[in-house]
Amino acid sequence: MTGQDWFEKDFYATLGVPKNADQAAIKKAYRKMARSLHPDQNPGDAAAEARFKDVGEAYAVLSDPEQRQQYDAIRAMAGGGARFAAGSGGPSAGGGAGFEDLFGGLFGAGAHPGGAGGPRVRYNQPPPGAGGGGGFEDILGGLFGGGGGFAGPRAGRTGVDLSATTTLPFRQAVEGSTITLSVEGRRVTARIPAGVRDGQKIRLRGKGRPGEGGAPAGDLVITVTVEPHPVFTLDGNDLRVTVPVTFPEAVLGAQVDVPTLDGATVRVKVPAGTPSGRTLRVRGRGVPAAKGPGDLLVTVQVVVPQRLSDDARAAVETFAQATDGVDVRADLRARAGT
């Protein structure tokens with residue numbers, strides 16, 4: 001971008017913020033627009049891609065206090081957006097004020113060799129390589145303390161952070177996975193750590209938009225969606241599973257085979273008298289981690305049969321008679337009355 005571009009582009013309007021907006025408001029507006037206009041959200045939409053670039057360009061200037069101050073000063077000189085037309089005529093030439101009109105007014109009538117009624121001084125920008133004084137960029141550089149010239153608004157700036165999304169099957173999320181994403185035409189490989197949660201954000205340093213003039217690239221922030229599993233759920237570094245057991249197994253105790261995420265099984269002891277809803281812990285069969293894997297948490301669910309054979313019904317009736325008089329809800333009533 002050249003210095004002249006700043007006279008023509010209203011970066012505040014591009015981001016939809018007032019000219020007195022603070023940095024927080026500018027950043028919030030940029031993030032909202034960048035998300036909705038991102039090429040990944042609008043594949044094949046050239047208009048959205050152009051708007052996305054315009055928004056990034058506006059934010060690059062307005063987010064830098066020094067460049068924003070220079071931009072505001074230049075726009076104020078141009079009356080909010082008039083273009084410098086080097087070599088344009090006076091008022092009779094039609095249109096807005098030209099390059100010499102703006103700087104003639106800036107430096108006063110004394111800048112005119114012929115006084116107030118004399119001809120205006122023309123500031124002609126020499127072609128590249130020509131001798132003599134500096135060009136348009138050099139004049140602006142001198143006005144704002146640029147010394148050797150007027151730097152473009154994004155020269156030497158760190159690249160912009162970018163966002164992306166990915167969806168992982170439950171097992172890959174638990175065990176960790178390497179994925180490849182397309183980011184603004186580049187292929188980026190990322191390592192997703194074991195145990196990533198649904199909605200978790202992973203920041204990849206230096207994988208965002210490249211910087212300008214050799215400056216560092218921005219970051220890439222990946223939001224991970226984890227597909228649900230029909231059997232397992234994640235609880236920190238632990239895995240949870242609900243295992244059905246029969247009434248005799250819960251009452252008398254049993255050894256039951258419980259599935260694990262890798263497709264194998266582990267044998268778990270169900271103690272005699274285990275109530276429905278009790279959780280048993282199998283150590284080391286959860287999510288891999290640097291400090292050691294999590295555990296497998298097995299919740300026991302006593303299954304009530306929907307249909308009984310004649311022999312089974314008779315056995316249950318015998319059990320009911322043997323336990324007649326046992327009030328399993330007495331403690332509930334006692335605690336409810338406190």
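None of the figures in this text is laboratory data; all of them are computed from the coordinates on show. Predicted model, so just to flag it, every value in this text is computed and none were measured. Note that each Cβ is placed from the backbone with ideal geometry, even for glycine, and that neighbours are counted across all protein chains shown.
Mind giving me the FRET efficiency for A50 and R187? R0 is 30 Å, r the Cβ-Cβ distance, nearest 0.05 is fine. Efficiency at R0 = 30 Å is approximately 0.80.
Loop-resident GluC sites (Glu not before Pro) (DSSP state other than H, G, I, E or B) in the stretch 18-79 with no more than 11 further Cβ atoms inside 10 Å of their Cβ are absent.
Taking amide hydrogens as placed 1.01 Å from N in the peptide plane, the amide H of R278 sits under 5 Å from those of V300, each at least 5 positions away in sequence or on another chain. Taking trypsin sites (Lys or Arg not before Pro) across the stretch 201-280, the ones in a DSSP loop with at most 13 further Cβ atoms lying within 10 angstrom of their Cβ are R205. Annotation: extensible slack from R313 through Q301 equals 2.2 nm (criterion: 0.36 nm per residue apart, minus Cα-Cα distance). If I model a spin label at S276 and A322 as a point 7 Å from the Cα along the Cα→Cβ vector, what separation in nanometres do I get? So the two model labels end up 2.1 nm from each other. For the set K27/K201; K19/K201; K28/K207; K9/K201; K32/K291, the pairs lying more than 30 angstrom apart at their alpha carbons are K19/K201; K9/K201; K32/K291. For the stretch 251-324, pairs of C-alpha atoms spaced more than 13 angstrom apart make up 75 percent of the total.
Its Cα centre serving as origin, the stretch 233-308 has a Cβ charge dipole (Lys and Arg +1, Asp and Glu -1) of approximately 120 debye.
In this label model, A264 and A330 are separated by 4.7 nm, measuring between points 7 Å along each Cα→Cβ vector. In order along the stretch 227-244, phi translates into HN-Hα couplings of 5, x, 9, x, 10, 9, 10, 9, 9, x, 9, 9, 10, 10, 8, 9, 10, x Hz, rounded to whole numbers, per the Karplus curve 6.51 cos²θ - 1.76 cosθ + 1.60 with θ = phi - 60° and x for Gly and Pro.
Using the alpha carbons alone, the radius of gyration of the stretch 162-226 stands to its Kirkwood radius in an Rg to Rh ratio of 1.02.
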